[in-house]
Amino acid sequence: MNLKHFSKELAWLRVKNGFSQKELAKGICTQPAISKIENGDVCPQLDTLYLLALKLKVPLGYLINLLLFENKEYIDQTIMYIEELTSRHQYEEAFQLVKAELIVGNQDAWFETYLLWQRLYNGYQLKYYSADECIKGLKKLLENEAVIMERFLDIKILNTIGTIYSNQGKFKESIFYYEKILSNYRQEFITPIIESKNIYMLRVIYNKAKTLYDAGDFELASEAVQKGIQLSVKNQNMSLLGQLYYYQGQCFERLNHSNETIRKSYTQALYFFELLGNYTYVEIIKKLKARFLKVEVEMEI
């Protein structure tokens with residue numbers, strides 16, 4: 001029995017539904033009892049599980065599976081490896097790993113759904129699936145709301161749909177899905193899960209800004225970039241600051257801002273690319289934006 005995993009996910013479900021511990025406890029048990037369950041100190045009885053499931057709008061079986069979830073460490077390691085492969089664009093290796101995991105099978109419904117998402121995403125990158133086939137499959141996964149809400153998999157799937165539409169040049173459809181994510185986003189509670197979600201939102205905002213830029217809406221793209229920069233600072237996360245400042249410079253160019261304003265954005269972008277060791281981006285920005293970085297480039301020579 002995995003009380004630690006269950007307690008963490010129960011707290012996340014409560015927050016997602018907008019309940020305080022006292023509000024969730026009403027008609028079920030006491031607030032201290034909910035606190036003990038969320039701390040992993042006690043295991044709820046079946047009748048309590050049933051009432052919690054009703055109030056949290058998830059199937060009873062979903063909560064039971066959380067309690068019986070024993071192989072979390074293996075799943076976490078597998079997810080980390082898959083995402084490491086995709087971040088390096090090793091889509092074939094990721095696709096084959098996901099395929100093998102699906103053949104072996106797993107008792108956890110969430111992990112299976114995660115694997116199906118990754119199979120579609122990597123298969124699309126490898127052109128094993130067309131854009132339409134991939135989007136159709138992803139939308140099918142979104143129907144299982146009780147499963148995909150865990151670890152904000154729903155947001156990741158929506159983000160993938162938005163990215164595919166953007167790649168097709170269907171900017172209106174792409175923005176619709178990014179807005180669907182961001183319009184329901186609240187940064188009010190900080191837990192390990194929510195903190196991770198906040199950071200993932202940076203990717204969504206960046207994708208939205210890039211899509212707006214590609215669509216020629218430079219003003220809105222600039223606004224989205226600024227929100228991304230602010231959220232990065234708030235979460236003390238530098239992972240996308242280089243890309244965000246680069247697109248800020250791109251937008252400022254298109255909007256005819258002063259050369260000094262544009263230079264500051266590209267200088268910031270270059271700083272974060274170098275700091276994080278993104279040398280491919282360092283070379284790109286030095287090559288394409290040398291006229292704005294003239295002083296910096298000359299100093300290095």
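The residues of region 232-253 include none that are crowded, with 23+ Cβ neighbours inside 10 Å and either in contact (Cβ under 8 Å) with a residue 60 or more places away in the chain or of a type in the set (D, E, K, R) (or both).
Of everything in region 101-141 that is assigned to a helix (DSSP H, G or I) and of a type in the set (Asp, Glu), the residue that is nearest to the chain's Cα centre (by Cα) is Glu112. Kindly establish whether Thr78 is within 20 Å of the chain's Cα centre (by Cα), over 24 Å from Ile181 (Cβ atoms) and assigned by TED's automatic domain parsing to the domain that holds Lys127. So Thr78 fits the description; yes. Listed by first and then second residue, the pairs with beta-carbon distance under 9 Å, at least 6 apart or on different chains, first residue in region 219-231 and without any contact (Cβ under 8 Å) to a residue 12 or more places away in the chain, second among the acidic types (Asp, Glu), form an empty list. Every condition in (1) over 25 Å from Lys16 (Cα atoms); (2) at pLDDT 95 or above; (3) out of contact with any Asp or Glu (no Cβ under 6 Å at 6 or more places or on another chain); (4) not assigned by TED's automatic domain parsing to the domain that holds Ile75 is met by Thr160 except one, and the failing one is (1). In region 4-23, the residues that are at pLDDT 90 or above reach residues that are part of a helix (DSSP H, G or I) and of a type in the set (Gly, Ala, Ser) with C-beta atoms within less than 8 angstrom, at least six apart or across chains, in these pairs: Gln21/Ser35. Within region 112-126, not a single residue is surrounded by fewer than 21 Cβ atoms within 10 Å (Cβ to Cβ), closer than 26 Å to Leu231 by Cα and modelled with pLDDT of 85 or more. Scanning region 149-168 for residues that are in contact (Cβ under 8 Å) with a residue 24 or more places away in the chain and out of contact with any Phe, Trp or Tyr (no Cβ under 8 Å at 6 or more places or on another chain) yields Met149, Thr163, Ser166, Asn167, Gln168.
Would you say Gly228 is under 25 Å from Ile155 (Cα atoms) and surrounded by 14 or more Cβ atoms within 10 Å (Cβ to Cβ)?
Yes.
Looking only at residues in region 29-48 that are in a helix (DSSP H, G or I) and among the β-branched types (Val, Ile, Thr), the one that is farthest from the chain's Cα centre (by Cα) is Thr48. When Glu83, Glu133, Glu101, Glu73 are screened for being under 28 Å from Phe176 (Cβ atoms) and at pLDDT below 90, only Glu83 passes.
Here's the yes/no breakdown for (1) modelled with pLDDT under 95; (2) under 22 Å from Asn207 (Cα atoms); (3) among the aliphatic types (A, V, I, L, M):
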{"position": "Gln236", "(1), (2), (3)": "yes, yes, no"}
{"position": "Tyr246", "(1), (2), (3)": "no, yes, no"}
{"position": "Gly249", "(1), (2), (3)": "no, yes, no"}
{"position": "Gly277", "(1), (2), (3)": "yes, yes, no"}
{"position": "Val282", "(1), (2), (3)": "yes, yes, yes"}
{"position": "Lys287", "(1), (2), (3)": "yes, no, no"}
{"position": "Glu296", "(1), (2), (3)": "yes, no, no"}
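The values are calculated or read from the model by the stated rules, or taken from the named source; none is laboratory data. Here the structure is a predicted model, which is why all the values come from computation and not from measurement. Neighbour counts are summed over all protein chains in view; Cβ atoms, including those assigned to glycine, are modelled from backbone coordinates with ideal geometry.
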